[in-house]
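Derivation of every value follows stated rules applied to the coordinates shown; laboratory data play no part. Please read these numbers as outputs of a predicted model, since none were measured by experiment. A quick note on method: Cβ atoms are made from the backbone with ideal geometry, for glycine too, and the neighbour counts reach across all protein chains shown.
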Amino acid sequence: MSVKKKFKGLSDKAVGWLFIGPTVLLLLAINIYPLVYAIKMSFTNFYANKIGREPQFVGLKNYIKVLNKEAIWEKMQVTASFMFWTLLLQAIIGLGLALLLNRKFKGNELLTTLIVLPMMLSPAVVGVFWTYLYNPQVGLFNYVVNFFYDLGSFDMIGSSTLAPWAIVIVDTWMWTPFTMLICLAGLRSVPNYLYEAAEVDRASKWQQFIYITLPSVLPFLLLALLFRGIENFKMFDMVVELTSGGPGSATELASINLKREAFEKWKTGYSSAFAVILFVTIFGFGNVYVKVMNKIKER
Amino acid sequence: MKKIMILLFVSLFSFSVNSNAKSITLGWAAWDPANALQELTKEFTAETGIEVNFEFVPWPNFADRMLNELNNKGKTFDLLIGDSQWIGAGAVYGHYVKLNDFFDKEGISMSDFSPATVYAYSTWPKGSENYYALPAMGDALAWAYRKDWFDRPELKSEFKKKHGYDLGVPANWNQLYDMCTFFQGREIDGQKRYGAAINTERGSEGITMGVTAAMYAWGMEYENPNKPYDMEGYFNSPQAVEAVEFYRKLYEDCAPPGHSDAYMVANLDAYKSGQVAFQMNWYAFWPGVSKEDSDGRVSGFFANPKQNVAAATLGGQGISVVKYSDKQDLALEYIKWFARPDVQQKWWDLGGYSCHNDVLNSPSFPTSTVYAQGFLDSMGIVKDFWQEPTFVELMLPMQEAIHDYVVNGKGTAKEALDKIIEEWVEVFEADGKL
């Protein structure tokens, strides 16, 4: 009653604005303003640590510099490879685990809880303790590998061939449970009568999987991969703790390089241009992906 | 009720006393000397009533944390013990208070301190008489070795037979390599041992500090002495290339497995756990190593070996007053106290590395610890990385290119050094130096 009185005389639209106003202001302040500011800075030679030096307009120079820099493309390649392998492995293993846990068996709930544990840890902590697991002298990972196949002493994070795999393994270990949970939700939403009808039609288990399970779970899986894709494009903390981007620059993802350019070299203008390019890339890919996902859903 | 009122009154009173107490905050890296300074500072508080709060930041985050604080004109710190390379940025960007007038007023003379440390930790532009810090902690990169293994007759004779000279403190880098390879993979007391724990860290400054120890010894100069910022043929000279190649060989043939991202603490751990015969590290760590070896049987120490020239990588820091502090007067009082010869002597006694001539020139100094003579020798031959305001921008490409070559095995040493010069030219151009 009192609320009604308070808003008396205001149109529905005005009340609506009153409710969403604070959120819009907050979004403008912490999302839109920094974005617009970064875009503005990307056209200047601004260095945030050079106090008193006025930024000068340099046009597209920063963008051209970023796009022509061979090292940037190397970082993008490292990022693309990291994303491809992590998403592929997380999709396959996540779906597999979801199919397993969708069956009823003793200890199902306990197993689900155990599998989900890694994604509850802090990525930085995960990065630090995997450095110990990967230690060539005392690491459990190396011990287990050597137990099954004697490779001798090998250094997962000190070798440029193995280090990219080291970060893929850790990310897969940590985030496969996320894909699994989303897929599991998808699997549990498939009505039983579809399988019953398939049984009546004498469809094999494989046919049931291909024609019922997979199409039903695919939109969920794609959604999980969208989230993971965006997260892995921005991946920073776990990799920094694990390899510092090394050896050399073998695992220096675009986000790590961006941080170094922006907050260690303080090339604010240049790094703003790099950030805008990364933003456009992920935004573009994200949009295309969502469109494809919607088409799959409509089928 | 009465009791509660009294308790409330007492709490309020004590709060107001605390809030009125004079206090300053000092920022430094989290390591052994910082603990010694904390201990030493108790005397300052007792004398002046000024409380000193400490914020010690782990080394990997030290530069990030402190430089961000300065760039943001933060008031967290009143005093900062900043790395030698920061002095340029501290002076040029106005982060540090210029101390000349204060020194004159208080009768603090820079000639009372070791010239190498005044040059490295206090002045900007280099060699000028503009002082932005008081030399606080002298340091250089040096080596510790397992004296107990070196003293074993069977190892001594085997080494002599193999190399034709005595197993002992290496006279140059070639001998160091011989000794490292001698211990690499060797079983001693039933355990597999390795050659040397050397700097290979990628994230901050580790591998640069390590590789420059070799490069300086080979005679590398950063630039043409007659033409500043002209680096071609100097930083990538054949000697510099050879030194970088040597460092890679040392890493490949002598480092323990998994030592691909190691710096101070990792080197110390590898040494203390008995994995390696040698460790490369800062003098700052030697009091800790020495403390665990009271009879001096286990560890020996020596200055960076020479190759073509005698040289060592400079570490260490000066203490500066932060321009943005509201308590500059109290911070200056601390510096005045810290500059006193008697305080400097206590600083050395507690495990800090004094730069005061009264301490260093004392007849008893060289024998005061097993590493004191090495420290004196090193401080006479130190060389530092660029101290330009843009030193972080200069450090990062070197870290990447050297790590890529030494640890990752990518390309050649010449290519790595050329790449670094290319990046440095860009930095100096942006800074208006070229």
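Odds and ends about this structure:
- For chain B, the longest principal axis of the alpha carbon atoms and the long axis of helix B:173-183 meet at an angle near 80°.
- Region A:160-299 - Debye-derived log10 I(q)/I(0), Cα point model, q = 0.17, 0.20 Å⁻¹: -1.01, -1.18
- Here's how it looks for B:Phe54: its modeled amide H is under 5 Å from those of B:Leu26, which are all 5 or more places away or on a different chain.
- Among the residues of A:259-267, the average count of other protein chain beta-carbon atoms within 10 Å of the residue beta-carbon is 5.
- Annotation: Cα Rg of region B:79-130 relative to the compact-globule expectation 2.2 N^0.38 Å equals 1.09.
- Centre separation in Å (Cα based) which lies between region B:240-304 and region B:320-399: 22
- Cα-Cα over 21 Å, subset of A:Lys65/A:Lys265; B:Lys126/B:Lys227; A:Lys50/B:Lys336; A:Lys234/A:Lys267; B:Lys73/B:Lys327; A:Lys50/B:Lys433: A:Lys50/B:Lys336
- Backbone phi angles across region B:389-395, fed through the Karplus curve with coefficients 6.51, -1.76 and 1.60 (θ = phi - 60°), yield HN-Hα couplings of x, 9, 4, 5, 4, 7, 6 Hz in residue order; Gly and Pro are listed as x.
- Per-residue 3J(HN,Hα) values for region A:50-66, derived from phi via the Karplus relation 6.51 cos²θ - 1.76 cosθ + 1.60 with θ = phi - 60°, read 9, 5, x, 8, 6, x, 10, 5, 10, x, 8, 3, 5, 5, 5, 4, 4 Hz in sequence order (x marks Gly and Pro).
- Here the Debye sum runs over all C-alpha atoms of the protein assembly as shown as equal scatterers in vacuum, and log10 of I(q)/I(0) at q = 0.07, 0.08, 0.10 Å⁻¹ comes out as -0.62, -0.79, -1.12.
- For A:Asn49, neighbours were defined as the other residues whose beta-carbon sits under 13 Å from its Cβ, and their charges (Lys and Arg +1, Asp and Glu -1) total -2.
- Amide H partners (placed H, <5 Å) of B:Gln184, local residues excluded: B:Gly195
- Sorted on the mean count of surrounding Cβ atoms within 10 Å across their residues, most packed first, peptides A:246-255, A:261-270 read A:246-255, A:261-270.
- In a reduced charge model with +1 at each Lys and Arg Cβ and -1 at each Asp and Glu Cβ, chain B shows a dipole moment near 1000 debye about its Cα centre.
- Here the Kirkwood formula, the inverse mean of 1/r across different C-alpha pairs, assigns chain B a hydrodynamic radius of 23.0 Å.
- 3J(HN,Hα) from dihedral phi, region A:197-211, Karplus parametrisation 6.51/-1.76/1.60, rounded to Hz, x for glycine, proline: 5, 5, 4, 4, 7, 6, 6, 6, 4, 5, 5, 4, 5, 5, 9
- Rg and Dmax of region B:274-354, both derived from C-alpha coordinates alone, stand at 17.6, 50 Å.
- Among beta bridges identified by DSSP and lying wholly in chain B, the antiparallel ones come to about 60 percent.
- Radius 12 Å from Cβ of A:Asn135, net charge of other residues (Lys, Arg +1; Asp, Glu -1): -3
- All aspartates and glutamates inside 13 Å of B:Lys249 as judged from Cα atoms, apart from same-chain residues fewer than 8 positions distant: B:Asp178
- In this structure, the amide hydrogen of B:Phe113, modeled 1.01 Å from its nitrogen in the peptide plane, lies closer than 5 angstrom to those of B:Asn357, counting only residues at least 5 positions away or on a different chain.
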